[in-house]
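Q: What follows is a single structure, and I will ask about it in a moment.
The values are calculated or read from the model by the stated rules, or taken from the named source; none is laboratory data. If you're wondering where the values come from, they're calculated on a predicted model, not measured in any experiment. Backbone-built Cβ (ideal geometry, glycine too); neighbour counts: all protein chains shown. Side chains included, ligands, DNA and RNA excluded: accessible areas come from the protein's heavy atoms. Shrake-Rupley method; radii C 1.70, N 1.55, O 1.52, S 1.80 Å.
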Amino acid sequence: ATTTTTIATSTTSITTSTTTSSTSTTTTSTTPITTTTPLTSDADSNRIAQLASEAGFGSCPCDLTSNSCDANCCCDPNCSVKDLEAFTACMAPPTSTRRLCVSHSVVATVNAPHVALQTDKDPSLFCIYKDNNNERNFYTVPRSPLTAAQFAALEASAAPAPEFPSLAQTDSVGSRYIVGQPVRTRYSSGVTGTLPLPRPLSSGRCNDFSSTGFLVPESKVTCSRTVTAASCASDASLSARSFLQSFTVLPSPTSSSGVSVVVLNATTPDTASLSNATTCSNVLQKLQYWVVVANGSISQVYATFTVSDVSLTSAAPRATLVQEFSVVFASTAPQTSWDLNKYPRSGNPGYAAGLPLLAGVWNATAAVMQMAASPSDWLSLPSTAADTRLTVRFGIDALSGRTLALSLADFDCCSCIRQKALDILSVDAAATYVGKFGNSNQTDLSDWTPVLPSAAPATANAADGAVQGQCAAVPTQLTLTVLAARVGSLENPQNMVVSARYQYSLSTLTFVCQGPFCQPGGDALTQPFQLSASVIFRDVSKAPVEVAKESPDVVKKLPSDFFYPFT
């Protein structure tokens, strides 16, 4: 008798048959059991590696829509000839210009079936037209990890991960502050805390667990809060007194007593309150600390603040408030009158990148350059929000914009529109000079260069509403161009401001009659028009020119009998 047993590997199936010498045959079988095997990491990697090694892999990266023609994607197989005729350009597929070339003189024999590639620049070069070694021309496809251990091993071979700033506060250690450590406070209840300085979270909301770092100045840090009728009186962060009273600032981390915050405002900080059903009064809008440091410890803290009223309506019961916080570290108290000997620098002597440009107004009577007390107010441009300015910092090109809302009726007075635009794009009247260096002397006018004013926009002769809904010669852009140069030694160049100039750009504004606009009942509808202010730094450095001294004349003197006996 013969017995045969078959075991299939793809499915679980066992079949047994027995054959005897008689004519009868008995066969017994079981129903096959099929199981699905998940794709393993090796199988996945092998499949992707096979696809990645094919010549057409990634040859049409602009084909982003399946079964549809992508605009200007000439390699898209779903695009017809008619589609290609409508394209304005073709997105060029990636091409490889990698060539391995050697001189013909070093090649003894060429047995390639194709003609050797010769470059146009140098026909004497012999180049490999195509390298079919995958190890040299294709990335190695990493295996997809299936376990946490495999993931960790693969992650360890990755490029360094970006580091985001930590919101955690590090407690002060030791008897003296070090740079960056939170400035400590002591409340009337006896508990210790830190000097608050809210900073924005990634959402822009204020983080009240952020504090002031020792000797770390902050300029105009803004964050937002939500104001409602309920939070007006209950949210302590809306009141200035929460940041100014009921605590003292410790001169050192281990001090047992501290100094009180001296408020320089004429008014006393009060608590935000709901004066009526629609107004939240005395809401903190701006706060600045001025911390005086002497011999490594804090000797005094001053503060100024600004409050405003927030309107709440039944249609908009929630309002967004933007608060601004700043902190200055100095060796002296804030200047109530200008002190020539004490002012912050923006470099020594050349400007340091990112620091504010020195700017002020020349007082001919006192023979001094008068500057704002805060560096952020030295030279500025209109910012995105009303009543705010963008500080001009050395080497940083910046652009800010604001919209001018106009109705169709506004276009009846083009001169009024031009004046509104000029009011928004106003130049800094308190900065008619800029310092040539980061430590320019305030009593030496030669250390300063005037800011060249822009010629008055030629709007006087512009037609006032010649075309309905259109106004020409409207100032829409203010540009401050700063010419800067590197001077001094090539080994240690210093940044210098050579000159600066304001310039206006004029445009024609047209009210677009579309949809509800220009229709009966739509007179109050407005359209936004973009206004912008920018600062541009131009490098006008002059590199030194190498000058070689002329070769000296060689005077050849010969002996008197050199030509004897021919003379």
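Q: Where only protein heavy atoms count, and the probe is 1.4 Å, what is the accessible area per residue for the stretch 200-265 in Å²?
A: Details: 2870 Å² over 66 residues.
I get 43 Å² per residue for the stretch 200-265.
Q: How would you rank 345-354, 307-316, highest first, on the average number of other Cβ atoms within 10 Å across their residues?
A: 345-354, 307-316
Q: Let me ask something else. Rounded to the nearest whole Å², what accessible area per residue is found for the stretch 354-454 with the 1.4 Å probe?
A: Result: 42 Å² per residue.
Q: Averaging sequence separations of C-alpha pairs under 8 Å and six or more residues apart, then dividing by the length of the stretch 243-339, give the relative contact order as a whole percent.
A: Details: 169 pairs, mean separation 26.0, N = 97.
This gives 27 percent for the stretch 243-339.
Q: So, for the stretch 487-567, what is the accessible surface per residue at a probe of 1.4 Å, expressed in square angstrom?
A: On the way: 6710 Å² over 81 residues.
Heavy-atom accessible area per residue stands at 83 Å².
Q: In Å and whole numbers, how far do the C-alpha atoms of the stretch 276-417 stretch along each principal axis, longest first?
A: 57, 40, 33
Q: Applying a 10 Å radius around every beta-carbon, put 529-542, 227-240 in order of their mean neighbour count, most first. Could you put the intermediate results ahead of the total?
A: Numbers: 529-542: 15.6, 227-240: 17.4.
Per-residue Cβ counts within 10 Å, averaged per peptide and sorted highest first, yield 227-240, 529-542.
Q: Report, to the nearest whole %, how much of the accessible area of the stretch 377-430 belongs to carbon and sulfur atoms, 1.4 Å probe, protein only. The partial results should precede the final answer.
A: Numbers: 1370 of 2460 Å².
Carbon and sulfur: 56 percent of the exposed surface of the stretch 377-430.
Q: Where the accessible area of the stretch 246-328 is counted over protein heavy atoms with a 1.4 Å probe, how much of it, in %, is carbon and sulfur?
A: Carbon and sulfur together cover 50 percent of it.
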